[in-house]
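Structure, as structure tokens:
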Amino acid sequence: MEAHLPETPYMTTQHAGLEKEIRYVTKPFEVKHIRSLFEGTDPIMHEIAFNLISGDQVEVDRLTREALARGFEANAVLDDGLIAGMAVVGIKFRDNIIFVPEVLIAARAMKAGMAYIEPILSESGVEPVGTVIMGTVKGDLHDIGKNLCIMMLRGAGFVVHDLGVDTKPEEFIDAVLEHGAQVLGMSALLTTTMPNMGRAIEAFEAEGLREEVSIMVGGAPVTQEFAEDMGADGYGKDAIACVDMARALVGVRDGSAPLETAAGAREASS
């Protein structure tokens, strides 16, 4: 049975399929943010976003090439089409409207578009927003949510180095030092592996490196309170929040959604 969709007070686009997808977003600040992504953008961007959400990699490939041929900047196609569509995918996944297979299909569609975007951005010499190390903590082999975050971060202009799963504290430390990363993101899906986030943070403290990198955490069982208790600098409940948090930690804010770093929460309560 299809999920009940709330009525929407207004339409941002003239694309019926995309409007239906946007209606799955129900939290007021997220509705405002998602609609702002599409407001005033070209219909071809709406087509790209819809087909990405639907997982149609052939159409995303074709539409991306068409948009670039029509003279749209690579950044515009990335932001207004691919990332905007993946933002909806992230919310639907978080809210259990879609599941891992659908996310993987959407990710494959985004990859089809990125195949044309990434070379253009590389050749343009655009400075990255920042460098992020991402990994699932020791003892945990889950990576779907982490991989979605990585895709969104890369789309948002970050250089991301993925350490994969079952990552030891010393591997996080080595990667941060090797790549000069400003942000470290750790993921856990099991309550039994969540404490390994704290152990990794303690390892940075023991090496005298805690002030050298901002640390954000996430994963299904992770909460804001847990992030604060572990001494993390930030918490992201989903891929969208992950990108917003990473931008905040490197000093870039777009005001799209309310967010609070764990460090800020600790200061406010002290």
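For the chain, the alpha-carbon coordinates run over 55, 44, 33 Å along the three principal axes, in decreasing order.
Using only Cα atoms, what Kirkwood radius does the range 161-203 have, in angstroms? Show your work: numbers first, answer last.
Values: mean 1/r = 0.0919 Å⁻¹.
Across the range 161-203, the inverse of the average 1/r is 10.9 Å.
Under the simplified labelling scheme, the Glu207-Val100 pair shows an inter-label distance of 3.0 nm, with each label point 7 Å from Cα along Cα→Cβ.
For Val60, the shell of other residues with beta-carbons less than 12 Å away shows a net charge of -1, using +1 for Lys and Arg and -1 for Asp and Glu. Taking Lys32 as the anchor, which lysines have their alpha carbon closer than 26 Å to its alpha carbon, excluding any fewer than eight residues away along the same chain? Reachable lysines: Lys20, Lys92, Lys146, Lys237.
Evaluate E = 1/(1 + (r/R0)^6) for Arg199 and Gln14, where r is the Cβ-Cβ distance and R0 equals 45 Å; express this FRET efficiency to the nearest 0.05.
Values: r = 52 Å, r/R0 = 1.15.
After rounding, the FRET efficiency stands at 0.30.
Where only DSSP H runs of four or more residues are counted, the chain gives -16000 deg cm²/dmol as its mean residue ellipticity at 222 nm, each run worth -39500 (n - 2.57).
Relative contact order of the range 32-108: 40 percent, from C-alpha pairs under 8 Å at least 6 residues apart in sequence. Using the Cβ-Cβ distance between Ser36 and Lys111 with R0 = 22 Å, the FRET efficiency computed as 1/(1 + (r/R0)^6) comes to roughly 0.30.
The three principal axes of the C-alpha atoms in the range 123-201 carry coordinate ranges of 44, 25, 14 Å, sorted with the longest axis first. Counting Cα-Cα pairs of the range 80-136 in 5 Å increments starting at 0 gives whole-percent bin shares of 4, 15, 19, 20, 23, 12, 6, 1.
For Lys27 and Thr192, the FRET efficiency from 1/(1 + (r/R0)^6), where r spans their Cβ atoms and R0 equals 45 Å, is about 0.90. Among residues other than Gly218 with Cβ under 13 Å from its Cβ, the summed charge is -2 (Lys and Arg +1, Asp and Glu -1).
With 10 Å bins beginning at zero, the pair-distance distribution over Cα atoms of the range 191-233 amounts to 28, 57, 15 %. Accessible surface comparison of Met151, Met216, probe 1.4 Å, protein chains only, largest first: the order is Met151, Met216.
The range 24-123: percent of C-alpha pairs farther apart than 19 Å? Don't jump to the answer; show the numbers that get you there.
Working: 1896 of 4950 pairs.
Result: 38 percent of Cα pairs exceed 19 Å.
Proximity of backbone amide H atoms, modeled 1.01 Å from N, is registered between Val183 and Thr131, Ile133, Ser214 at under 5 Å, excluding neighbours fewer than 5 places apart on the same chain.
The values are calculated or read from the model by the stated rules, or taken from the named source; none is laboratory data. None of the values given here were measured: they were computed from a predicted structure. All Cβ positions, glycine included, derive from the backbone under ideal geometry; neighbour counts span all protein chains shown. These area figures cover heavy atoms from the full protein model, side chains too; ligands, DNA and RNA do not enter into them. Shrake-Rupley method; radii C 1.70, N 1.55, O 1.52, S 1.80 Å.
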